Amino acid sequence: MRAFGISGTAETATAVPPQRTANTLFWTALIPTAATVGGFVSQYPYGMLWVGVLIVLAAAAAGPIVAGSVWRRAGAATLVGFAALALGLFAGSNLNETYVKQLGERTGAVVAEAGERANAKGDVRHFCRVVDDSGSRAELGDIQNCHGQFATGRRVVLFKDRLGGLDPWIEATHNRAVDPGGLGITGGLFLLTAATMFYAGRRRR
């Protein structure tokens, strides 16, 4: 029955338009995915660090703009911005480790030299110069798990990207296990970013 000249049911009148739902899902998927991809890209050499950083910053800016300025959810916008930045930071190292340790080629190596150096800004960075069993040499840093824990002359294991894009990952043993805490944080931040964008889109004003 139709009452007071209003067609359809109350459920139909209050239903969320399909276009709005599609738009919400688009941004819900895009922002955390872009932050994750940017973090991983930043692990590649040859200047890709800055490309990855720009992708993460773009995601951390676009999320708050959409949630805050377009959807008018200020609280969600703030949370999305911080969560996307943190996601890019954690995702890069954790995905790098997971990829090379699970799919990479293991080879023995010796630390030829290990130490610290300061850049132009005075920031101290660790480095490890290694020679693998085939005679190949490489210099690794904090991104490749050289944090000053390996002494000169120590035998280590390198996990090498079979595609040759990433620098080797250095470890003390052949163990392929990855840090579950890091992956848990990355997954939690991904879900937090996505859930906040979804909430903001559904409750937009």
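The values are calculated or read from the model by the stated rules, or taken from the named source; none is laboratory data. The model shown is predicted, which means the values in this text are computed figures rather than measured ones. Glycine gets a Cβ as well: all are built from the backbone with ideal geometry, and neighbour counts include every protein chain shown. Areas reflect the complete protein model, heavy atoms only, side chains present, ligands, DNA and RNA absent. Shrake-Rupley method; radii C 1.70, N 1.55, O 1.52, S 1.80 Å.
Structure summary
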quantity	calculated
Shape category assigned to segment 21-63 from the gyration tensor of Cα positions, a/c cut at 1.5	prolate
Added length on full extension, which subtracts the Cα-Cα distance from 0.36 nm per residue, ARG162 to MET48	39.2 nm
Per DSSP, loop trypsin sites (Lys or Arg not before Pro) in segment 122-159 with at most 14 further Cβ within 10 Å	ARG154
Label selected from [x] 1.08; [y] 1.19; [z] 1.41, the criterion being Rg/Rh (Cα atoms, Kirkwood Rh) as computed here	[y]
For segment 12-93: rounded, prolate or oblate by the Cα gyration tensor [a/c cutoff 1.5]	prolate
Rel. contact order, % - alpha carbon contacts under 8 angstrom, at least six apart, the chain	25 percent
Relative packing of 180-189, 90-99, 143-152, which averages over residues the other C-beta atoms within 10 Å, highest first	90-99, 143-152, 180-189
Helix-only mean residue ellipticity at 222 nm for the chain, each DSSP H run of n ≥ 4 adding -39500 (n - 2.57), per residue, nearest 500	-16500 deg cm²/dmol
Cβ crowding within 10 Å averaged over residues, with 75-81, 117-123, 51-57 ranked highest first	75-81, 51-57, 117-123
Simple Cβ-charge dipole of the chain, Lys/Arg +1 and Asp/Glu -1, about Cα centre, in debye nearest 20	940 debye
For the chain, accessible area per residue (1.4 Å probe, heavy atoms of protein chains only), Å²	57 Å²
Cα long-axis angle, helix 18-41 against the chain (0 to 90 degrees, to the nearest 10)	10 degrees
Relative contact order (%) - segment 72-172, alpha-carbon pairs under 8 angstrom, separation at least six	27 percent
Net charge of neighbours whose Cβ lies under 9 Å from the Cβ of VAL111, counting Lys and Arg as +1 and Asp and Glu as -1	+2
Whole-percent carbon and sulfur share, accessible surface of the chain, 1.4 Å	62 percent
